[in-house]
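First comes the structure, then the notes that go with it.
The values are calculated or read from the model by the stated rules, or taken from the named source; none is laboratory data. Fair warning: this is a prediction, and the values are worked out from it, not measured in the lab. FYI the Cβ positions are ideal-geometry reconstructions off the backbone, even for glycines, and counts take in every protein chain you see. These accessible areas exclude ligands, DNA and RNA; they are computed on the full protein's heavy atoms, side chains included. Shrake-Rupley method; radii C 1.70, N 1.55, O 1.52, S 1.80 Å.
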Amino acid sequence: MSSDSTTAWPDLVESGFVAGLQGFVQRTIAPDAERIDREDIYPVEAIKGLARAGYSTVFMPAPFGAGRGYRHALAVFEEVSYASAAVGISLITILQAQTILNLFGSASLQQRYLPGFGDGLIASYALTEANHGSDIRSLDTKAQRTADGWAIEGEKSFITSGSAAEVFVVLAQTEVGVSTFIVPRDAPGVTTYLGRNSATFGLRNGPHVNLRLDRVQLPADHLIGQEGKGVRQAVTTLDYSRTMAAGISLGIARAAFDRALEHARKRVVFDSTVFEKQGIQWYFADMLAQLEAARLLTYHTADLLDRGGDIARMSSEAKLLAAKLATEVCSTCIQVCGAYGVMENAPYGRFLRDAKAYEIAGGSAEVLRNTIGKSLSRLPLSAAAPENFLQ
């Protein structure tokens, strides 16, 4: 039995969406996955191909996308990451830019940038600063009003997808608080460079860059939403992308599971296959049960992104569970495969590195637990009752 995704969601299967997506991924992304990781390069062709096929905008409303909702988007992230988590993480910074523009951008800003994503526009979410890390409530990057718009000065650090980004979503401090801007890469004063901590051992989609903003001049409408509301906008966007991050972790875990299961069925040890050993079957039984449980939670959360709900808590729960599970599954699969599991030409090292990196990237387990913990003060005691999942 394969760990095939989305089998609990008939509409995704019956429409042919998953089959078409899986075929596309296996033809265009899977063959290059090992090279992308080994060379630490941004997968430009994969991202452009996903855009041309309509997968990177599947959740966006018309006329900017297919308007099929976040469950379809989650299937894209899971299947893409089954082949290459590096491509998945590249896609997530694009989703973040689309989401913040769709939720908060002015009509003029949406018309200027959102159509480009259908053609493969590459975006990066530039929040982090060296002196502040995950704390985005007070920033060293400053934005000042000018006669024609805004001038931004500062530096962002450790920016995912920054090596290839054509636009950046940037948080900056203004007179009334943290605000969000969209900054084209080709604007005068925008430069990137490799900092001291530019490379990671997992989720390798090109070295992380430092983004330097030297009195960058922006039109007035390049402020996203209301001035001073940047923290809330950024956090809300992360609530959406964390659900997709959980999908990336599920894809990694499924890839390790399927490879190890195939190996165990074929490998003969002491006159029987590895899989025929009861203890090994228990490993796979536990992993499959946990994978299905994590998938149900994550797809339930994707539904909430479309119809409303406590997405901050639910997306944090989904990513917390899926990221931890992916690391555990990858480790178990290495154990099952024995010496083959630790060989450099086997894929399990990449799977494990990607899985562990995503326990930290995109919201660490500790940050997610804080978000979930804060919600407990307002949750009714029946919050986990079955009827809440049957609505």
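With respect to the numbered conditions (1) in contact (Cβ under 8 Å) with a residue 40 or more places away in the chain; (2) open to solvent by 10 Å² or more (accessible area, probe 1.4 Å); (3) under 30 Å from Phe181 (Cα atoms), which one is the sole condition not fulfilled by Arg259? Checking Arg259 against (1) in contact (Cβ under 8 Å) with a residue 40 or more places away in the chain; (2) open to solvent by 10 Å² or more (accessible area, probe 1.4 Å); (3) under 30 Å from Phe181 (Cα atoms), the one that fails is (3). Here the stretch 300-335 is the region considered, the condition is being farther than 20 Å from Ser249 by Cα and in contact (Cβ under 8 Å) with a residue 60 or more places away in the chain, and the residue that is surrounded by the most Cβ atoms within 10 Å (Cβ to Cβ) is Asp310.
Filtered by the rule that a residue be touching a strand residue (DSSP E or B) at 6+ places or on another chain (Cβ under 8 Å), at pLDDT below 95 and not aliphatic (A, V, I, L, M), the stretch 193-214 gives Tyr193, Gly195, Asn197, Ser198, His208, Asn210.
Sub-9 Å Cβ pairs linking a first residue in the stretch 269-280 that is basic (Lys, Arg) to a second residue that is outside any strand (DSSP E or B) and at pLDDT 90 or above, at least 6 apart or interchain, are Lys277/Ala264, ordered by first then second residue.
What number goes with the only condition from (1) among the aliphatic types (A, V, I, L, M); (2) more than 24 Å from the chain's Cα centre (by Cα); (3) in a strand (DSSP E or B) that Ala187 does not pass? Result: Ala187 passes all but (3). Scanning the stretch 66-108 for residues that are surrounded by 24 or more Cβ atoms within 10 Å (Cβ to Cβ) and outside any helix (DSSP H, G or I) yields Ser84, Gly105. Taken together, the residues in the stretch 262-299 that are among the hydroxyl-bearing types (Ser, Thr, Tyr), open to solvent by 10 Å² or more (accessible area, probe 1.4 Å) and in contact with a Lys or Arg (Cβ under 9 Å, 6 or more places away or on another chain) amount to 1.
If you go through the stretch 345-372 and keep only what is open to solvent by 30 Å² or more (accessible area, probe 1.4 Å), in contact (Cβ under 8 Å) with a residue 12 or more places away in the chain and not in a helix (DSSP H, G or I), you end up with Glu359, Ala361, Gly362.
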